[in-house]
């Protein structure tokens, strides 16, 4: 999951070297924290959160194979 988020985020931003993803795993859930440069925050979120929602949809579809719940948090 972590690699998937990194690949997607690096393709969207202007500063791919500043993309950092941290994975926090629980019993039935995985929380992914995505950090990008301040200038790239809008590119990852998108207008009205559309890009962030699309990333979350892709991650949830990939997580169904692992039978876990995945949450994506975009942090500064």
Which residues, taken from the stretch 8-48, are in a helix (DSSP H, G or I), loosely packed, with under 12 Cβ neighbours inside 10 Å and under 13 Å from the mean Cα position of the chain (by Cα)? 11
Test: residue 36 is in contact (Cβ under 8 Å) with a residue 24 or more places away in the chain and within 15 Å of residue 76 (Cα to Cα): yes
Taking the stated definitions as given, is residue 54 farther than 14 Å from residue 2 by Cα, within 14 Å of the chain's Cα centre (by Cα) and surrounded by fewer than 15 Cβ atoms within 10 Å (Cβ to Cβ)? yes
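Values in this text are rule-based calculations from the coordinates and carry no lab data. This one's a predicted model, so the numbers in the text were calculated from it and none came from an experiment. Neighbour counts run over all protein chains shown; Cβ positions are idealised from the backbone, glycine included.
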